[in-house]
């Protein structure tokens, strides 16, 4: 006698809701890990110490093809000003990531900032100010270098309508002008990078 076959038991199906919960939990842990990693990379930052006041920093300005030392531009005090030519240079003892350059107590109306490149005579324009009316000028920079240069155009001390005088216009020619250029001056040249922001008390 042939007996009927016993039906094969169906495998228990796992609830889809359990799979969804597990997936969401895994995603949650992954998101937390990702946020933690991003937080460690993108930490809040603040300006560093003034690199221009570190030991070994030198400041100078060009005068008739000569380099004249100007330690007063990097002595940490902007109270007293230093008269310079229309080109000022500051050199750090080593290359650093630079994010700000500030000329304080300066009479610069037009000025252009350059950062040093790989070669000794290589310079790259990094910032510019035109028709400035402030005595403190901030250049936002993104460079890794050991030196900066500021070339000054007009100053706040330039005068128009002065006593007429004769100047050399070109080789072998002269002309008369009533414009009297002011001498560039600044109290301090400051250089900053970034550092991780410290929590307040």
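Figures for the structure shown
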| quantity | calculated |
| --- | --- |
| Rg to Rh, two decimals, where the range 49-196 supplies the alpha carbon set and Rh follows Kirkwood | 1.02 |
| Stretch gain in nm, segment residue 95-residue 197, where the contour uses 0.36 nm per residue and the Cα spacing is subtracted | 34.5 nm |
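Just so you know, all these numbers are worked out from the coordinates, no wet-lab data involved. These numbers come from a predicted model, not from an experiment.
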